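One structure is given here, and the rest of the page talks about it.
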Amino acid sequence: MPTAVIYTAPQCPHSKKLKEYLDEQDISYEEKCILTNPETLQELFNLTKQKAVPVTAIGDDFFIGFDRRTERRIKRKMRD
């Protein structure tokens, strides 16, 4: 199973929900906080052309935000 890379911010409720979901699904992830490291924000922008979080990267796929639709897309991607 691939490891996800997630771009988050500490006070973002969607980032918190994303981490809870990944933990519940036993999906391993590397967290990158855009507020504690300026290079991380630039990295996120270079990859996705946006600065909003959360963003989940799995392989070459990026999932922007976190809602029910994103949950389903992440789950499908992790099964591939």
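Throughout, read-outs are computed from the coordinates displayed, never taken from laboratory work. What you see is a predicted model, and the numbers here were worked out from it, not measured in a lab. Ideal geometry is used to build each Cβ from the backbone, glycine not excepted, and the neighbour counts take in all protein chains shown.
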Go through segment 25-80 and count every residue that is within 10 Å of the chain's Cα centre (by Cα) and at positive phi. 1
Quick one: count up the residues across segment 46-80 that are of a type outside the set (S, T, N, Q), assigned to a helix (DSSP H, G or I) and more than 10 Å from Tyr7 (Cβ to Cβ). 11
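Looking only at residues that are among the β-branched types (Val, Ile, Thr) and more than 14 Å from Gln25 (Cα to Cα) in segment 54-80, which one is surrounded by the most Cβ atoms within 10 Å (Cβ to Cβ)?
Taking the candidates together, the pick is Thr56.
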Residue that is out of contact with any His (no Cβ under 8 Å at 6 or more places or on another chain) and more than 26 Å from Arg79 (Cβ to Cβ), where the choices are Thr36, Thr48: Thr36
